[in-house]
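Engineer: Structure provided below as structure tokens; questions to follow.
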């Protein structure tokens, strides 16, 4: 039966000369180039695709494009596996593998179908009602069970191997949808000189022109579409994008479009992205997204083989595929008759069931002229056939159309239904357009726009070709003229299409006599008419509540085929007109989007930029283990041989205390500050005094936020009268610059000061330890490195090998130390030079861990203490706070809470056993036998192994810390079940007098 | 994503900017005596209007200038932008 459901004509868009093999549920089939997975399966007679969400009912295809609610498959396997893919949107490609979802053991025989038999136990709101009690059951029993049973496909567990790209575009006019109105507007706008992007979701441009028997000018609709596309293609101001879905409309006319770049290509190159996400900032957006056919609710209207009439037509006309050979057409309007005519063209006589009393539409007459009789005033009451429809029960409607007078069973292999058309208003609504209800078409259309967005054609409720074209040409010209002023309108050609009579306002059939089959409204979420009735019976009135209670329209298809039918039904029960019921909100994305596409290239190492110091290669060559410090990669430690981290860190730190160490401090933030008011500015920014800092001297400074919390600290030096060099912590460098700019530009614009980041212009090398003076004296023989020549907090300019260097005598380690700064490009050279000369002084490089150890021992604060919750007092920096001048945040420091006598402050902690390391983050408590809740005195901010005393040492910030020195407390970590008795000591654990830095 | 007209650089996407809060807040003069209540109002309290709002934005990934934006907090419509020493036209 291979491809036995193909038509014999070849007027479609598939290439029967090129066979494509694919696998569905393990069986190999073939289709042709141009097929979708859906059309190829249907051509092979396969309609059973998957099982429904709640009742596990057999489901097939309802639609032919994005509207499809049922036919979701799991695509590919392994790391390329993708769940919930709509088969109607998948282009066939050699070797494609797809399988059914939500069924076990197979789609033909699915255990879960028991839910269908038990359906009266699964009404709307089932979960809300059933799993309330006992409360303790929820996490352990109900939730895991529901999780296992729910969901459709399976998310892949392996990393996505595909490449995705992002692209930013700007245009004057973005046209979404390439049906007649879209093509017309794109042509008019482009001819008028505007920069145009035309986006089409499908692989072929043309929209309804590909399936409708119409003429435009002297061409068929299809010819006119292809002629228009060739014109647009030849214009340099036009970008044409097919396989591209504009799925989101955001603020300020930012739209987002997903382009399927290589999903349809058999062996795409490694560098071809699978999909591309386009951010398009458009001057004007034309929404020509067309309309979607509505289903009709009737008994068992969800069996495989029951499709939308327009889908059946497109399968025939575009994919040369028959959805069935014994069709029933079931409609409340004229358009379905074009599907009937297409069947007749393929020598198949459909049975036509029309809810209306009569119709004099041209298509209806044409069908009648072919000798087909039409069952007017009739409807389908029920259907039969377990895995595929095999018969329908057709009923004669009574005059009220509320019940059937008589019923007859008719054999069939498909039903093509049409409940009229719903304009696709999603994008307009996303853009903030307030929709209005149009009585003529019984649907919502865009009305009051909030953004630069204009709906035209069927999306605007203009269902005739003439109207669509006229709107397209007019709007395309008007909008483009805002940008070009070329005043070059394009006239709309004459067009011809059949006339249509009005549809009937009937979307839900009565129940057959004596039975209560499910009449589905929302196929994807298994919401039936009875669920809506129940919700209203139980008191849910707002459409938003009905939606959430029944889950109507909440599935991945966003209710494309179900929203309006649901609304119509609510309005019927409530006896309100639809506009009073209102509509639910449309939100992006219009169609599901692969997470990979949203992430784009920002994965792995590309997630964030990586910053490396100019000395990075040396660190790599010397076995450094790196750690991320913000965006920077910094050496954490340099293990030797089989050393673990602890021994390496202890060795590096001890060597600084004993000999001399070298550390790459390039990452510190550096800001150049110039201007006559620079001293005054620093005086306002820092808590301490700056006006009298001599040229050639550095000073430690602390800056606060206005709320009094310490913001950052660092050393700033005065290079000349009006020129300063500020350093910040690595972490806060960017924030400090913004902070300074804020005060200079917003608060004190009268200050004549300029600030500029010079972080990347300087390479900084710390040389620390008792032997650092001797080493630097050898390197810079012309500099007097003595305490008199270069005292603590002094600086001097010199050079090595003609390379200018600035030497600061500053220390973070608490040892005699210097920091050599050179132009970035020479950083590596100077580093190597210092290493080379340092060999005779037993120099060793040290990383951030040893750097921490050294500063913790000394009680120097860093990010862990300056965590945005501490004022200067808390971290032992009160002496830095000037009482004589005002500065940023000063007023906050005199607030009551900040001046309490038992205010938290920084202390040191040593475990009583001198062995147990205290985890950072541990709580400090007084009595570890107390009953919870135990009052917390504070927390451990930093911990290290003291290389000076050879025991653990920590810094903590605790309540009334000053008066706790000498006391024994407990450091507890409930998560790790640890309780460590500790002694409180001064945070200045090593060299509290500070003699070494000044030695 | 908003499109914001930097008064120095022209129209740019929001991801080049960072938000800086209410533009009408005036920092008390340095050295002024100020009550705790007034100080708290300056540090912590901000109006959260629905509708027109004057606010600061910083062109961090551009010219690094702070400037003023008049924006509707509900619709995100931007009525005008101007330099710090200018006033809005609308």
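Engineer: Using 1/(1 + (r/R0)^6) with R0 = 22 angstrom and r between the beta carbons of residue A:170 and residue A:235, what's the FRET efficiency to the nearest 0.05?
Structural biologist: 0.80
Engineer: Mind computing the radius of gyration and Dmax over the alpha-carbon atoms of chain B? Å is fine for both.
Structural biologist: Spelled out, the Cα radius of gyration and Dmax of chain B are 14.4, 43 Å.
Engineer: How long is the gain from residue A:986 to residue A:700 if the chain were fully straight, where each residue apart is worth 0.36 nm and the alpha carbon distance is subtracted?
Structural biologist: In short, 100.8 nm is gained.
Engineer: Additional query: With each label point set 7 Å from Cα along the Cα-Cβ vector, what nm distance links residue A:894 and residue B:32?
Structural biologist: So the two model labels end up 1.5 nm from each other.
Engineer: Right, something else. Quick check: pseudo-label points 7 Å beyond the Cα along Cα→Cβ at residue A:882 and residue A:347, how many nm apart are they?
Structural biologist: 10.1 nm
Engineer: For the protein assembly as shown, give me the percentage of DSSP beta bridges that are antiparallel, rounded to the nearest 5 percent.
Structural biologist: If we restrict to bridges inside the protein assembly as shown, about 75 percent are antiparallel.
Engineer: Would you mind putting A:830-842, A:303-315, A:977-989 in packing order, based on average other-beta-carbon counts within 10 Å, highest first?
Structural biologist: A:303-315, A:977-989, A:830-842
Engineer: Give the peptides A:176-187, A:872-883 in descending order of average Cβ contacts within 10 Å, highest first.
Structural biologist: A:176-187, A:872-883
Engineer: Roughly speaking, what is the stretch gain from residue A:496 to residue A:995, that is 0.36 nm per residue apart minus the C-alpha to C-alpha distance, in nm to one decimal?
Structural biologist: 169.8 nm
Engineer: May I ask you to list the residues of segment A:383-402 whose amide nitrogen lies under 16 Å from a point 7 Å from Cα along the Cα→beta-carbon direction of residue A:513?
Structural biologist: It comes to A:393-402, nothing else.
Engineer: A further question follows. Evaluate Rg over Rh across segment A:398-550, taking Cα atoms for both radii and Kirkwood's formula for Rh.
Structural biologist: 1.08
Engineer: Further question on the same structure: Counting only other chains, what is the mean number of Cβ atoms within 10 angstrom of the Cβ of each residue in peptide A:247-256?
Structural biologist: 3
Engineer: What is the fewest-to-most order of A:172, A:707 by other Cβ atoms lying within 10 Å of their Cβ?
Structural biologist: By the 10 Å Cβ count, ascending: A:707, A:172.
Engineer: With a Förster radius of 51 Å, plug the Cβ-Cβ distance of residue A:362 and residue A:76 into 1/(1 + (r/R0)^6) and report the FRET value to the nearest 0.05.
Structural biologist: Calculated transfer efficiency: 0.65.
Engineer: Can you give the Rg to Rh ratio for segment A:900-999, taking only C-alpha atoms and Rh from Kirkwood?
Structural biologist: Ratio value, two decimals: 0.99.
Engineer: Would you mind classifying segment A:669-757 by shape? Square roots of the alpha carbon gyration tensor eigenvalues, ordered a ≥ b ≥ c; an a/c under 1.5 is rounded, otherwise it is prolate if a/b is larger than b/c and oblate if not.
Structural biologist: rounded
Engineer: Per-residue Cβ counts within 10 Å, from other chains only, averaged over A:737-749: what number is that?
Structural biologist: The per-residue average across the peptide is 4.
Engineer: In peptide B:6-16, what is the residue-averaged number of other protein chain Cβ atoms found within 10 Å of each Cβ?
Structural biologist: Rounded to a whole number, the mean comes out at 1.
Engineer: Based solely on its DSSP helices, what 222 nm [θ] is calculated for chain A when runs of n ≥ 4 H residues each add -39,500 (n - 2.57) and the sum is averaged over all residues, nearest 500 deg cm²/dmol?
Structural biologist: The per-residue figure over chain A is -6000 deg cm²/dmol.
Engineer: Taking the mean number of other Cβ atoms within 10 Å as a proxy for protection, how do you rank A:102-108, A:68-74 from highest to lowest?
Structural biologist: The densest-packed peptide leads the list: A:68-74, A:102-108.
Engineer: Sort A:975, A:427 by Cβ crowding within 10 Å, fewest neighbours at the top.
Structural biologist: With the fewest neighbours first, A:975, A:427 line up as A:975, A:427.
Engineer: Express in whole angstrom the spacing between the alpha-carbon centres of segment A:747-768 and segment A:613-644.
Structural biologist: 26 Å
Engineer: Still on this structure: Roughly how far apart, in whole Å, are the Cα centres of segment A:654-728 and segment A:534-600?
Structural biologist: 60 Å
Engineer: For a Förster distance of 25 Å, can you work out the FRET efficiency between the beta-carbons of residue B:5 and residue A:599, rounded to the nearest 0.05?
Structural biologist: The pair residue B:5/residue A:599 has a calculated efficiency of 0.25.
Engineer: Could you tell me how far the Cα centroid of segment A:360-409 sits from the Cα centroid of segment A:915-958, in Å?
Structural biologist: 81 Å
Engineer: Hey, how much of the P(r) for chain A falls beyond 38 Å, as a percent of Cα pairs?
Structural biologist: Distances greater than 38 Å cover 60 percent of the Cα pairs.
Since every read-out is calculated from the coordinates, none of them should be taken as a lab result. Given the structure is predicted, the values throughout are model-derived calculations rather than measurements. Counting neighbours? That spans all protein chains shown, and the Cβs are built from the backbone with ideal geometry, glycine included.
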